[in-house]
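K.L.:
Below you'll find the structure I mean.
The values are calculated or read from the model by the stated rules, or taken from the named source; none is laboratory data. Because the structure is predicted, anything quoted here is derived from the model rather than measured. Here Cβ is always computed from backbone atoms with ideal geometry, including for glycine, and neighbour counts include all displayed protein chains.
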């Protein structure tokens, strides 16, 4: 944990070495690594690399889109679970609220005759989901731990049952013809169709990058510190002047808004929303992505989401056993690596780098256990 | 990036941390720099650190008037009366010891003061204002900070981040300000980081500022708790058994630190079992037994008080 360990180079875990290396880079060097990496991520559906591809079983572009969609959800859920430490088992409820808000506002089947374009629906859906987060959070966030988990589980089910049984929400019949973004090619054909995953993937990756920047801004601020303090010791946080209830509500609302955004994208892509696919097991799958990848680590949860979606699509043989396999994988992981594939790693200070550098002299001498890493303002990690 | 300095703070220089302490950062960082200093330089440096750590606090009213007052404070848990109409007051600038045998109600008294428990009856007044209905975080903002008997740090956060949480008690940036990176966010981050670093140096653990709190040695963790509590800019600092688990040398250091804190203008309330610490550091002592106050006076008087001797200290050496 001290500087000596890193210097001697004995059994420093790969992740820590990677972080140390990353932390030792200048800002422009980090950009130099980041830009080609992001370019590669954008090019994935076009490259369709032979070993990586999920074809012929599943359309690779659609798989990538789904992975990106779940990654966005995982980032939102990570705010609630990973940062603030509030176990939310009903996160699919927010996803559903986002999807349904979009569908109701845009579909011709809706009882509302608005038929707004998709782009108008997105901010409304995010707002409605954030408000639903506040509504569910206000009474329940006074609970802790197991009790909160049970109440959120109930919330997820209530949303699904409402969608199933409320007449205006059309239950199993659902809403058809939910539009996507209205972009057309030169020949007049639509860019965003449900059969072509590539534009949707690009859109979602772009959204992820923006969300990561904003969430990163929150993390390296009073808000992020308050969340982590609440996660670590709620009573001590309260005693240090953190208005815990207010910040827990914020975490819920922020997480919900990201979930709603993802639901909105989902509704636009599939073009059809009914009460299927918003069940508890989906919620658990979201949570599995977060826990598998590393609760509290933004890169980790993206990795977790990718694995959760990609593995069943790539290895179709095991697809029907995927819950069994994920279950075993998580159990094994919890024994050998309880922090997830990439452990929680937060930088909670805007000026942390300067402060720590003054302390130790040089950035790269900072130990693996300390928090100094890349921490530029709003750079997607 | 547009760091705006807080308008009220004239002492705050432009650059974070470095110029704060009025020294140029040399090669090798703060730790090496401290080692190179001569005793005089070091004393000067420490004075600067103390000044930086103490900025912003309003030490307006004269020393000696009543800061905190407990009026007939009673705490009942079911049939158990943990505190039975306890009344005492703490004067500004003093170090008050709160002692008593195990189970006497010392920590309960602490918890009732800091809002963890709602008093069954009676009242706690800070500068004449009742704390009765206020939330815990609000009481901290009103000016009472505490440490915990069993250390309760934010283990996954670095020492510096822990102290920053304390400074955040005086910050107002919330989600919109943080997302949009408004000027106030930068100003608060800058001032907070400076102050947190200065406080770590003040309590003597700045060399481990970048380490996670859970990886710090025990004595450092105790000191970090004190730094974190000081960061909330309290009028009254409450220490719950700060010397627990310390060896004699560490206890001496702690006594020196508590004195240093008081010299900086804080008022301190100490719960402590160790008589050497209590007698060595306090100006006045309140003794509890079975939830009742049995004595209140100067350490010398308490030492001689027959009720206290009977309840707590046992028979002193040589008096038999």
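K.L.:
Within segment A:228-258, take every residue that is outside any helix (DSSP H, G or I) and touching a helix residue (DSSP H, G or I) at 6+ places or on another chain (Cβ under 6 Å) and give me the one that is farthest from residue B:179 (Cα to Cα).
P.N.:
A:240
Results for (1) surrounded by 16 or more Cβ atoms within 10 Å (Cβ to Cβ); (2) within 11 Å of the chain's Cα centre (by Cα); (3) at pLDDT below 90; (4) over 25 Å from residue A:108 (Cα atoms), shown as yes or no for each residue.
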residue	(1), (2), (3), (4)
A:267	yes, no, no, no
A:289	yes, yes, no, yes
A:296	yes, yes, yes, yes
A:302	yes, yes, no, yes
A:312	yes, no, yes, yes
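K.L.:
Something else about it: Answer yes or no as to whether residue A:206 is touching a strand residue (DSSP E or B) at 6+ places or on another chain (Cβ under 7 Å) and exposed (fewer than 14 other Cβ atoms within 10 Å of the Cβ).
P.N.:
Answer is no for this residue.
K.L.:
Within segment B:100-113, does at least one residue satisfy the condition of being farther than 30 Å from residue A:359 by Cα and touching a helix residue (DSSP H, G or I) at 6+ places or on another chain (Cβ under 6 Å)?
P.N.:
yes
K.L.:
Here is a list of conditions, (1) closer than 28 Å to residue B:176 by Cα; (2) surrounded by 21 or more Cβ atoms within 10 Å (Cβ to Cβ), and residue A:159 meets all of them except one; can you say which number that is?
P.N.:
Against the list (1) closer than 28 Å to residue B:176 by Cα; (2) surrounded by 21 or more Cβ atoms within 10 Å (Cβ to Cβ), residue A:159 comes up short only on (1).
K.L.:
Can you confirm whether segment B:40-52 contains a residue that is modelled with pLDDT of 50 or more, in a helix (DSSP H, G or I), surrounded by fewer than 14 Cβ atoms within 10 Å (Cβ to Cβ) and within 14 Å of chain A (Cβ to nearest Cβ)?
P.N.:
No, there is no match, as no residue in segment B:40-52 is modelled with pLDDT of 50 or more, in a helix (DSSP H, G or I), surrounded by fewer than 14 Cβ atoms within 10 Å (Cβ to Cβ) and within 14 Å of chain A (Cβ to nearest Cβ).
K.L.:
Given the condition free of Cβ contacts under 8 Å to residues at least 60 places away in the same chain, more than 12 Å from the chain's Cα centre (by Cα) and within 14 Å of chain B (Cβ to nearest Cβ), answer yes or no: does some residue in segment A:245-262 qualify?
P.N.:
Taking every residue of segment A:245-262 in turn, at least one turns out to be free of Cβ contacts under 8 Å to residues at least 60 places away in the same chain, more than 12 Å from the chain's Cα centre (by Cα) and within 14 Å of chain B (Cβ to nearest Cβ).
K.L.:
Mind telling me which of the residues A:92, A:81 ends up being under 19 Å from residue A:126 (Cβ atoms), part of a helix (DSSP H, G or I) and in contact with a helix residue (DSSP H, G or I) (Cβ under 6 Å, 6 or more places away or on another chain)?
P.N.:
Unique residue meeting the criteria: A:92.
K.L.:
Could you grab the pairs with beta carbons closer than 8 Å, sequence gap of 6+ or different chains, first residue in segment B:168-191 and facing chain A (nearest Cβ under 7 Å) and at positive phi, second one buried (at least 20 other Cβ atoms within 10 Å of the Cβ) and modelled with pLDDT under 90?
P.N.:
Nothing qualifies.
K.L.:
Can you find even one residue in segment B:80-102 that is more than 14 Å from chain A (Cβ to nearest Cβ), modelled with pLDDT under 90, over 27 Å from residue B:64 (Cα atoms) and assigned to a loop (DSSP other than H, G, I, E, B)?
P.N.:
Within segment B:80-102, one or more residues are more than 14 Å from chain A (Cβ to nearest Cβ), modelled with pLDDT under 90, over 27 Å from residue B:64 (Cα atoms) and assigned to a loop (DSSP other than H, G, I, E, B).
K.L.:
From the residues in segment B:149-159 that are more than 8 Å from every other protein chain (Cβ to nearest Cβ) and surrounded by fewer than 24 Cβ atoms within 10 Å (Cβ to Cβ), which one is nearest to residue B:109 (Cα to Cα)?
P.N.:
B:149
K.L.:
Follow-up. Consider segment B:129-146. How many of its residues are within 9 Å of chain A (Cβ to nearest Cβ) and outside any helix (DSSP H, G or I)?
P.N.:
Residues in segment B:129-146 being within 9 Å of chain A (Cβ to nearest Cβ) and outside any helix (DSSP H, G or I): 3 in total.
K.L.:
Is it the case that some residue within segment B:226-241 is more than 26 Å from residue B:276 (Cα to Cα), buried (at least 24 other Cβ atoms within 10 Å of the Cβ) and at the interface with chain A (Cβ under 7 Å from one of its Cβ atoms)?
P.N.:
Yes, there is a match, as at least one residue in segment B:226-241 is more than 26 Å from residue B:276 (Cα to Cα), buried (at least 24 other Cβ atoms within 10 Å of the Cβ) and at the interface with chain A (Cβ under 7 Å from one of its Cβ atoms).
K.L.:
Would you mind finding the one in B:146, B:141 that is surrounded by fewer than 23 Cβ atoms within 10 Å (Cβ to Cβ), under 22 Å from residue A:222 (Cβ atoms) and at pLDDT 90 or above?
P.N.:
B:141
K.L.:
OK, next. Out of B:215, B:162, I need the residue that is out of contact with any helix residue (DSSP H, G or I) (no Cβ under 7 Å at 6 or more places or on another chain), under 30 Å from residue A:339 (Cα atoms), surrounded by 17 or more Cβ atoms within 10 Å (Cβ to Cβ) and facing another protein chain (nearest Cβ under 9 Å). Which one?
P.N.:
The match here is B:215.
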